[in-house]
Amino acid sequence: MSATGEDAAMSAIPLAIRLVEAMVFASPDPVPERAIADLLEAQDLVPPDTEDLAAYVRGVIDGMVALYAGRGVAPVLVAGGWQFRTMADLAPRLTRVLHRPRRLARATLESLAIIAYHQPCTRGEIEEIRGVSLSQQVLDTLLEASLIVPRGRKEVPGRPILWGTSADFLRHFGLRDLRDLPRREELLVDVPDNPALQAAAPDASGTEAVPGPTAA
């Protein structure tokens, strides 16, 4: 396409859509719709006769999503915000050419699944459900990976810490919120690029995992 043709193509796309596209692309974290609304208002891109700001923002987002129909990447709603992700049908085709992060050990995955589906829960409750003790290494690995966070203390003798999943947990699984949790046997977590975590994670021969969502 010539420079003139490219300019014409861009001018056909409303500036609001292009700006939101750039914002989502540039952000390392999912962008909430409130932040998108603030950006559009700050840039005077909300028509003065707009009565429903949320509906207008949704229309701009829908326009952005439409631009990526059938493409290799697309903006998707995860962890309460919008983020570009590789399309799920293409992820398996990339596993041989892109580095695949190590997986968490089976015991760690089992503990994470229990927390995800029974949160908030205590260490003792996790051990009771699994039927075995929970090692400090497992808990430390989940904390260092930012997959779980403390959710206060249970009002029982000893006041043990209550554990729940984090926003990073939602991002790892490509979930909008906890209501989108998959079946328990489908849970998978990629270990972030952290030497300490990679040292704690065994090789693929010692883990049980399946490919998960791929971030762009």
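For residue 62, only one of the following conditions fails: (1) within 18 Å of the chain's Cα centre (by Cα); (2) surrounded by fewer than 13 Cβ atoms within 10 Å (Cβ to Cβ); (3) part of a helix (DSSP H, G or I). What is its number?
Just one mismatch for residue 62, condition (1).
Hey, could you check segment 149-172 for residues that are part of a helix (DSSP H, G or I) and among the aliphatic types (A, V, I, L, M) and say which is surrounded by the most Cβ atoms within 10 Å (Cβ to Cβ)?
Per the criteria, the residue is 170.
In this structure, does residue 48 turn out to be open to solvent by less than 50 Å² (accessible area, probe 1.4 Å) and not assigned by the TED database to the domain that holds residue 181? Quick ask: steps written out before the conclusion?
Values: open to solvent by less than 50 Å² (accessible area, probe 1.4 Å): no; not assigned by the TED database to the domain that holds residue 181: yes.
Answer is no for this residue.
Taking residue 214, is it touching a strand residue (DSSP E or B) at 6+ places or on another chain (Cβ under 7 Å), modelled with pLDDT under 85, open to solvent by less than 50 Å² (accessible area, probe 1.4 Å) and not acidic (Asp, Glu)? Lay out the reasoning, then the answer.
Details: touching a strand residue (DSSP E or B) at 6+ places or on another chain (Cβ under 7 Å): yes; modelled with pLDDT under 85: yes; open to solvent by less than 50 Å² (accessible area, probe 1.4 Å): yes; not acidic (Asp, Glu): yes.
Yes.
Among the listed residues 146, 133, which satisfies the condition of being surrounded by 14 or more Cβ atoms within 10 Å (Cβ to Cβ) and among the small types (Gly, Ala, Ser)?
Numbers: 133 fails: surrounded by 14 or more Cβ atoms within 10 Å (Cβ to Cβ).
Being surrounded by 14 or more Cβ atoms within 10 Å (Cβ to Cβ) and among the small types (Gly, Ala, Ser) holds for just one of 146, 133, which is 146.
Taking segment 98-134, which residues are part of a loop (DSSP other than H, G, I, E, B) and modelled with pLDDT of 85 or more? If you could, list the steps in order and put the result at the bottom.
Looking only at segment 98-134, we keep the residues that are part of a loop (DSSP other than H, G, I, E, B), and these are 98-102, 104-105, 119-120, 131-134.
Residues satisfying the conditions are 119, 120, 131, 132, 133, 134.
Which members of segment 20-45 meet the condition of being acidic (Asp, Glu), outside any loop (DSSP other than H, G, I, E, B) and open to solvent by 60 Å² or more (accessible area, probe 1.4 Å)?
Of all residues in segment 20-45, those acidic (Asp, Glu) come to 21, 29, 33, 38, 41, 44.
When the remaining residues are screened for being outside any loop (DSSP other than H, G, I, E, B), the result is 21, 33, 38, 41.
Hits for segment 20-45 are 38, 41.
Keeping to segment 65-94, report how many residues are among the aliphatic types (A, V, I, L, M), surrounded by fewer than 13 Cβ atoms within 10 Å (Cβ to Cβ) and assigned to a helix (DSSP H, G or I).
Step one: of segment 65-94, the residues among the aliphatic types (A, V, I, L, M) are 65-67, 69, 73-74, 76-79, 87-88, 90-91, 94.
After this cut, where a residue has to be surrounded by fewer than 13 Cβ atoms within 10 Å (Cβ to Cβ) as well, the list is 66, 69, 90.
Narrowing further to those that are assigned to a helix (DSSP H, G or I): 66.
So the count comes out to 1.
The values are calculated or read from the model by the stated rules, or taken from the named source; none is laboratory data. Everything quoted here is computed from the prediction, not taken from an experiment. Because the Cβ atoms are built from the backbone with ideal geometry, glycine has one as well, and the counts that use them run over all protein chains shown. Protein only, heavy atoms only, side chains kept; ligands, DNA and RNA dropped before computing areas. Shrake-Rupley method; radii C 1.70, N 1.55, O 1.52, S 1.80 Å.
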